[in-house]
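The values are calculated or read from the model by the stated rules, or taken from the named source; none is laboratory data. A quick note: this is a predicted structure, and the numbers were derived from the prediction, not measured. Note that we place each Cβ from the backbone using ideal geometry, even for glycine, and neighbour counts take in every protein chain shown.
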Amino acid sequence: MSESSNISPISHIKSSFKLTLAIETSCDDTSVALVRSDGEVIYLLSSNQDLLHLPYGGVVPEIASRNHTLSLLPLIDHLLKLNNITSDNIDVISVTNRPGLVGSLLVGLVTAKTLSVLWKTPIIGVNHLEGHLLAPWLKDEKYRPQIELQKAFPSLVLAVSGGHTHLCEINGIGQYKILGQTVDDAAGEALDKFAKELGLGFPGGAKLDQWARQGDPTAYQFPKGLKNQGLNFSFSGTKASGLRQLEKMSTEEINFEIHNLSASFEKDVIDVLYEKLELAMSLKPYKSVAITGGVSANTYLRLKADQLSKSSKIPVLIPPLKYCTDNAAMIGLAGLMNFINGKVDDQSLAPRPRSYDSDFIVSAK
Ligand code: KG4
Ligand code: ZN
């Protein structure tokens, strides 16, 4: 279980900001948070299921939903008690209801709807990707975005994780234009698959990153998907080529070459992400740029983002890892922003494997 406390528990009650209890259970992380409408994260509490899915080499939906059932209520209970919060202090319950694994979403949703009835508190369903897109504007004692959310638009955000690879333009809350997305595998999915075949377990993106640090990124070349072809991404060719390379090698050879293989594969995936980000930046004058999602933990990507931050005239936001990977704080911020804009849901709110068509504008290819 990971915990992250930021400000004195009761100071927010005196403030005029709205407070949300946020719940995220769209995949395999059970996460709850208290977030204030200025983006301040009062407390974030998450329980990770990686070890439970490790033997299967991927997320097993039934195991994920069963463990959300076991973890969620104790986490909420702990969160409220630790912060001396009662239902009276909570203005709205924010819960991820799309997109994701339906069985997993259902656990968060049923819990949120029950609390909404019991506490007579409004509920708002949040799109998980909207959460990732707004995560760079969360705040705490150690992290402050260089530009306020309301002043940051139009903003260009690269959201890259095990489930998404999206280049988005944000023009306001609820105004998200997808400029580019993957046509096949997500970047994290490709990294995880290659890492798994290298024997690094699942999800192996972080391990691959560690091994890559001592490797030569030019030792092997894998094709870069859709290079120089617009803002969409493709990683299936890079992945297939990487796996073919491993098939040609013995286990001893792979073990001997593991650093070079990791560094080369990582470079080809990350370089494409970065090239497309730079291309999108050159097409329009943005007021800010942000990188988010689990893959943004990658050392090489962060290095490139740091360089961009130094050379760019506009703020480049790279939030701390706890706000990049799946977490309830980002769901809280997205929920509150929509709530303040007048949106609210009711007991008919249902889990959905996909986004609503109206959630995003997809720009013409
Ligand atoms: O955002 P996230 O926690 O969950 C999803 O929404 O998918 O992202 C998880 C992804 C996994 O593919 C994982 O391997 C990858 O992020 N990841 C990394 C690193 N840390 C996590 N990929 C590359 N380098 C890392 N350091
Ligand atoms: Zn995610």
When only residues in the stretch 143-176 that are in a loop (DSSP other than H, G, I, E, B) and touching a Pro at 6+ places or on another chain (Cβ under 7 Å) count, which is nearest to LEU34 (Cα to Cα)? TYR143
Test of understanding: among THR96, THR111, which residue is assigned to a helix (DSSP H, G or I), touching a residue at least 60 places away in the same chain (Cβ under 8 Å) and β-branched (Val, Ile, Thr)? THR111
Hey, can you tell me all the residues within the stretch 341-351 that are out of contact with any helix residue (DSSP H, G or I) (no Cβ under 7 Å at 6 or more places or on another chain) and under 15 Å from ILE123 (Cβ atoms)? GLY342, LYS343, VAL344, ASP345, ASP346, SER348, ALA350
Quick one: GLN210 ticks every box in (1) surrounded by fewer than 22 Cβ atoms within 10 Å (Cβ to Cβ); (2) modelled with pLDDT under 95; (3) near ligand 1 (Cβ under 10 Å from one of its atoms) except a single one, so which number is it? (2)
Suppose we keep only residues that are crowded, with 17+ Cβ neighbours inside 10 Å and of a type in the set (Gly, Ala, Ser) within the stretch 266-296. Which one would you say is farthest from LEU133 (Cα to Cα)? ALA280
Going by the structure shown, is SER355 at pLDDT below 95, surrounded by fewer than 23 Cβ atoms within 10 Å (Cβ to Cβ) and either within 16 Å of ligand 2 (Cβ to nearest atom) or not basic (Lys, Arg) (or both)? no
Residue match in the stretch 142-155 (condition: within 16 Å of ligand 1 (Cβ to nearest atom), closer than 30 Å to ILE270 by Cβ and in contact with a strand residue (DSSP E or B) (Cβ under 9 Å, 6 or more places away or on another chain)): no
Please work out if LEU72 is within 19 Å of the chain's Cα centre (by Cα), more than 23 Å from PRO319 (Cβ to Cβ) and at pLDDT 95 or above. no
Please count how many residues of the stretch 329-348 are crowded, with 18+ Cβ neighbours inside 10 Å and farther than 24 Å from SER288 by Cβ. 1
Quick one: would you say THR238 is over 30 Å from GLU148 (Cα atoms), at pLDDT 95 or above and surrounded by fewer than 17 Cβ atoms within 10 Å (Cβ to Cβ)? no
The one condition in (1) of a type in the set (A, V, I, L, M, F, W, C); (2) touching a residue at least 40 places away in the same chain (Cβ under 8 Å); (3) away from ligand 2 (no atom under 16 Å from the Cβ); (4) closer than 28 Å to PRO55 by Cβ that LEU191 fails to fulfil: (3)
Looking only at the stretch 250-278, and only at residues there that are part of a helix (DSSP H, G or I) and among the polar types (S, T, N, Q), the one that is farthest from LEU208 (Cα to Cα): THR251
Looking for something surrounded by 22 or more Cβ atoms within 10 Å (Cβ to Cβ), of a type in the set (Ser, Thr, Tyr) and within 15 Å of ligand 2 (Cβ to nearest atom) - is there at least one such residue anywhere in the stretch 140-157? no
